[in-house]
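The structure appears right after this line, and notes come after that.
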């Protein structure tokens, strides 16, 4: 996954930092805070699977590209970093 | 047009066509019917070594082929081959289906169309084809649609899949009426299997289902097979029903 870091981003692609901002907004709407630590557990900050859906749809809105994915990939997501990695990676598919 | 009831009995099926017969429940159905002395035709997108072996062991009673259930022309060709090799088809098991493992909002629209085509349109077409052959020959026969508990209960990640299975349950009832007793049409709705498509549910959800199941275990193909055989072979008055095989998990 880290090897993608050196790849040139496509024009309409969101950076990891931009996705982090969107994630903070999703949480803020529920009066929750996004910790700065990527290792923070989603369970502890109250970021649930439908919140992930909301975030993915917000990324779609920004980029104009549909992001479709299977459920099994989601089950491995446990931390804030996992969410960001998943969405960065998904934009490359 | 309202006809008087047809009181002649529907005999046990002797030549049964099974779609998606190459692995999992489909393969178990094929094997079981062969053991019961039935002639069996099975097709699947990919013919597995297991299915090839069955065909090699009993060439006089098995016909297999590589057919995609959504390819109606190929299915028609296969049905003709079967009739020549094994005799007229008087039983059909609509088993071929593809699974789903994605939330509805994140499922590509093409994938939704593909699930509906494979799991709903294709079995309706195959049923039409086989029923036309049976009616045209004056045969009485039996149809078993393999559906799923998620036609009746909700599960995340299976929205389009559930819709197709519910569609087949509904078609089962209307077909039983429409065929006026000339054919017995039923559905068998298994609960989740530990293997195969249940990969979609993930270990946590499967554990939850097991905990809620009075019999304490997920359904196995071997537990579904006798019900399919009964509907194809036994003299019962069961018609237009959906029989759930899930250890009462959904009750």
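I'd like to check something: does the range B:104-115 contain any residue that is in contact (Cβ under 8 Å) with a residue 12 or more places away in the chain and more than 14 Å from every other protein chain (Cβ to nearest Cβ)? So far as the range B:104-115 goes, no, none of its residues is in contact (Cβ under 8 Å) with a residue 12 or more places away in the chain and more than 14 Å from every other protein chain (Cβ to nearest Cβ). Cβ-Cβ distances below 6 Å connect no pair with a first residue in the range B:68-90 that is farther than 15 Å from residue B:134 by Cβ, a second residue that is assigned to a loop (DSSP other than H, G, I, E, B) and modelled with pLDDT under 95, and a separation of six or more residues or different chains. One residue stands out among those in the range B:78-102 that are assigned to a loop (DSSP other than H, G, I, E, B) and away from chain A (no Cβ under 14 Å): the one that is surrounded by the fewest Cβ atoms within 10 Å (Cβ to Cβ), which is B:87. Go through the residues of the range B:218-229 one by one and say whether even a single one is over 25 Å from residue B:22 (Cβ atoms), free of Cβ contacts under 8 Å to residues at least 60 places away in the same chain, in contact with a helix residue (DSSP H, G or I) (Cβ under 9 Å, 6 or more places away or on another chain) and more than 14 Å from chain A (Cβ to nearest Cβ). Checked the range B:218-229: no residue is over 25 Å from residue B:22 (Cβ atoms), free of Cβ contacts under 8 Å to residues at least 60 places away in the same chain, in contact with a helix residue (DSSP H, G or I) (Cβ under 9 Å, 6 or more places away or on another chain) and more than 14 Å from chain A (Cβ to nearest Cβ). For residue B:125, the conditions (1) assigned to a helix (DSSP H, G or I); (2) over 19 Å from residue B:169 (Cα atoms); (3) free of Cβ contacts under 8 Å to residues at least 60 places away in the same chain all hold with the exception of (2). Taking the range A:48-93 and the helices (runs of 4 or more DSSP H) fully enclosed by it, the elements with 3 or more residues that are under 10 Å from the mean Cα position of the chain (by Cα) are at A:49-63, A:80-90. Count of the range B:48-77 residues, restricted to those that are in contact with a strand residue (DSSP E or B) (Cβ under 6 Å, 6 or more places away or on another chain) and either farther than 24 Å from residue B:188 by Cα or outside any loop (DSSP other than H, G, I, E, B) (or both), is 8. Hey, does the range B:153-169 have a residue that's farther than 20 Å from residue B:26 by Cα, at pLDDT 95 or above and touching a strand residue (DSSP E or B) at 6+ places or on another chain (Cβ under 9 Å)? No: zero hits.
Checking the conditions here, which among A:87, A:57, A:50, A:74 is within 14 Å of chain B (Cβ to nearest Cβ) and closer than 15 Å to residue A:15 by Cβ?
On the way: A:57 fails: closer than 15 Å to residue A:15 by Cβ; A:50 fails: closer than 15 Å to residue A:15 by Cβ; A:74 fails: closer than 15 Å to residue A:15 by Cβ.
Of the residues listed, the single one that is within 14 Å of chain B (Cβ to nearest Cβ) and closer than 15 Å to residue A:15 by Cβ is A:87.
Only a single criterion out of (1) within 14 Å of chain A (Cβ to nearest Cβ); (2) under 20 Å from residue B:33 (Cβ atoms) is not satisfied by residue B:57, namely (1). Kindly indicate whether residue A:18 is surrounded by fewer than 17 Cβ atoms within 10 Å (Cβ to Cβ), at pLDDT 95 or above and either part of a helix (DSSP H, G or I) or within 14 Å of chain B (Cβ to nearest Cβ) (or both). When the stated conditions are applied, residue A:18 passes them.
Looking at residue B:123, is it buried (at least 16 other Cβ atoms within 10 Å of the Cβ) and either closer than 27 Å to residue B:177 by Cβ or more than 14 Å from every other protein chain (Cβ to nearest Cβ) (or both)? Steps first, please.
On the way: buried (at least 16 other Cβ atoms within 10 Å of the Cβ): yes; either closer than 27 Å to residue B:177 by Cβ or more than 14 Å from every other protein chain (Cβ to nearest Cβ) (or both): yes.
Spelling it out, residue B:123 is indeed buried (at least 16 other Cβ atoms within 10 Å of the Cβ) and either closer than 27 Å to residue B:177 by Cβ or more than 14 Å from every other protein chain (Cβ to nearest Cβ) (or both).
Residue-by-condition table, conditions (1) more than 16 Å from residue B:189 (Cβ to Cβ); (2) in a helix (DSSP H, G or I); (3) within 14 Å of the chain's Cα centre (by Cα):
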| residue | (1), (2), (3) |
| --- | --- |
| B:203 | yes, yes, no |
| B:207 | yes, yes, no |
| B:214 | yes, no, no |
| B:222 | yes, yes, no |
| B:226 | no, yes, yes |
| B:231 | no, yes, yes |
| B:238 | no, no, no |
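The values are calculated or read from the model by the stated rules, or taken from the named source; none is laboratory data. Small disclaimer: the values here were computed from a predicted structure and weren't measured. When we count neighbours, we look across all protein chains shown, and the Cβ atoms used for this are built from the backbone with ideal geometry, even at glycine.
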